[in-house]
Amino acid sequence: MRQSEARLRATIESATDGIVTVDEDGVVISANPAAAAMFGYALGDLVGETIDSLVDRGRRERRPRDLLAIVDRGYFRRRRELRGRRRDGAIVPIDCAVSEIGFAHPRRLFAVCLQDLSERRRAEARIRRLDSDRLLAMGGVARTLAHEINQPLTATAAYLKAAKRMVAKGSECRAKEAEEALDRACEQVLRAGDIIRRLRECIAHREPDKTCVRLHRLIAEVCERMARGGDVELVLRLGARDDLVIADAEQIERVMTNLIGNAIEALQKAERRRLCVSTAAVAAKMIRIDVADSGPGLSETASARLFEPFESTKPRGLGVGLSLSRSIVEAHYGRIWAEPNEGGGTVFSFTLPLAE
Ligand SMILES: Nc1ncnc2c1ncn2[C@@H]1O[C@H](COP(=O)(O)OP(=O)(O)OP(=O)(O)O)[C@@H](O)[C@H]1O
Ligand SMILES: [Mg+2]
């Protein structure tokens, strides 16, 4: 008997749900550590508090004072969501179920089982935000598609018409010109296809599929691939001691490709073309990645709406690179921002949590 009692007590003590015993006046007579933590109390301090002081019932709801009345009215017959009030006044969403403890006691006793819903609510809010971001993005995609695709399609039609005229004339030198016009038409069709592919990436942005990733290796590969054969001086300073992150390698590669691509494009306007990619450990087990260029810096128009989708200052830019990068970094619980580089140019930085 003693052993089974001890086992039961240990089970309640180690439960991740809060378990509270209250008397018929709603006064707490015992609470497990999970319940105390949920309401921000030290373990013993919850005893003696009333359920009324732990629950925020809102203005419209009447306050049935004693639990007995609540149970008898069938108020809690089903699980129910309440606004719990923590000791510091903060409100926490709580799932609550009350049942009567059926053994002889001078007064009736009730077991209240509590579950903190904060994490679930935060996840739901994130999904709602992702959905509304996606809807906004789709509106932008439709507008951009209509606008951007028009140009290569008009050009393709013009090149094809020219080629047709040349073929109709039929001479040898006309055949050469017709071939060139067909090549141009092909380029324009490929460009239209590329626009569609990148816009599709933008709407079809998926939740990350995270695995263990060695960030330094990934960065070195992207940098090497993108700077190869160009006229940009590339400096790698991958100084963070720890570089193991839990991430979707393909998505992080996309962020790096966007940032380095932007830097290389910005450097085309500069005399000194230097690109420095570095990493450093930052507080709270995060790693920061900096992509610094010696380009002309951000224009006023660009900095105003830098991470907004479809904002571009480039003649052929869609303006999806940075907005997609931000969605990816935030889905990895990181942050992304831009600052002026010392001595000219821009530094784009983002953070990612390190694997434990
Ligand atoms: N390193 C940089 N230096 C200067 N300006 C930059 C830099 N990176 C981004 N920008 C500015 O931010 C704008 C938005 O960048 P983003 O990558 O989102 O779109 P984009 O490069 O214009 O088009 P896309 O990436 O879709 O091809 C750019 O048009 C440019 O004006
Ligand atoms: Mg870009």
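Put simply, of LEU318, LEU324 the only residue that is under 21 Å from LEU136 (Cα atoms) and either away from ligand 2 (no atom under 16 Å from the Cβ) or in contact with a His (Cβ under 8 Å, 6 or more places away or on another chain) (or both) is LEU324. Selection over the stretch 12-32 of residues that are touching a helix residue (DSSP H, G or I) at 6+ places or on another chain (Cβ under 7 Å) and either among the acidic types (Asp, Glu) or exposed (fewer than 15 other Cβ atoms within 10 Å of the Cβ) (or both) gives a count of 5.
Residues checked against (1) in the same structural domain as ARG85 (by TED's automatic domain parsing); (2) of a type in the set (A, V, I, L, M); (3) under 30 Å from SER327 (Cβ atoms):
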position: ARG107; (1), (2), (3): yes, no, no
position: VAL112; (1), (2), (3): yes, yes, no
position: ARG126; (1), (2), (3): no, no, yes
position: SER132; (1), (2), (3): no, no, yes
position: LEU135; (1), (2), (3): no, yes, yes
position: THR144; (1), (2), (3): no, no, yes
position: ILE149; (1), (2), (3): no, yes, yes
position: PRO152; (1), (2), (3): no, no, yes
position: ALA157; (1), (2), (3): no, yes, no
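Just wondering, is there one or more residues in the stretch 337-352 that are at pLDDT 95 or above and more than 14 Å from ligand 1 (Cβ to nearest atom)? Within the stretch 337-352 (the criterion being at pLDDT 95 or above and more than 14 Å from ligand 1 (Cβ to nearest atom)), the answer is yes, since at least one residue qualifies. Residues in the stretch 327-356 that are touching a His at 6+ places or on another chain (Cβ under 6 Å) and more than 16 Å from ligand 2 (Cβ to nearest atom): LEU352 alone. Looking across the stretch 291-315, the residues that are among the acidic types (Asp, Glu) and either in a loop (DSSP other than H, G, I, E, B) or near ligand 2 (Cβ under 10 Å from one of its atoms) (or both) come down to GLU308, GLU311.
So is GLU221 assigned by TED's automatic domain parsing to the domain that holds ARG273 and within 33 Å of the chain's Cα centre (by Cα) or not? When the stated conditions are applied, GLU221 passes them.
Residues of the stretch 325-340 that are free of Cβ contacts under 8 Å to residues at least 40 places away in the same chain and either farther than 22 Å from GLY297 by Cα or not assigned by TED's automatic domain parsing to the domain that holds GLU300 (or both): GLU330, TYR333. On inspection, HIS205 passes the criterion of being at pLDDT below 95, surrounded by 12 or more Cβ atoms within 10 Å (Cβ to Cβ) and closer than 21 Å to MET256 by Cα.
Beta carbons closer than 7 Å, at least 6 apart along the sequence or on distinct chains, pair a first residue in the stretch 128-147 that is in contact (Cβ under 8 Å) with a residue 12 or more places away in the chain and within 16 Å of ARG200 (Cβ to Cβ) with a second that is not polar (S, T, N, Q) and not in a helix (DSSP H, G or I) for ALA137/PRO309; GLY140/PRO309; GLY140/PHE310; THR144/PHE310; THR144/LEU318.
Look at the stretch 109-127: where a residue is within 14 Å of VAL20 (Cα to Cα) and a partner is part of a helix (DSSP H, G or I) and small (Gly, Ala, Ser), sitting 6+ places away or on another chain with Cβ atoms under 7 Å, you get LEU114/ALA35. The sole residue among ILE260, ILE264, ILE246 that is within 27 Å of the chain's Cα centre (by Cα), under 17 Å from ARG335 (Cα atoms) and of a type in the set (A, V, I, L, M, F, W, C) is ILE246.
Out of the residues in the stretch 284-324 meeting the condition of being of a type in the set (Val, Ile, Thr) and within 19 Å of the chain's Cα centre (by Cα), tell me which one is nearest to ligand 1 (Cβ to nearest atom). Don't jump to the end; show me each part of the working.
Step one: of the stretch 284-324, the residues of a type in the set (Val, Ile, Thr) are 287, 289, 291, 301, 313, 320.
From what is left, the residues that are within 19 Å of the chain's Cα centre (by Cα) are 287, 289, 320.
Values: ILE287: 21, ILE289: 14, VAL320: 4 Å.
Selected residue: VAL320.
The values are calculated or read from the model by the stated rules, or taken from the named source; none is laboratory data. All values derive from a computational prediction rather than experimental measurement. For neighbour counting, all protein chains shown are included, and Cβ atoms are generated from backbone atoms with ideal geometry for every residue, glycine included.
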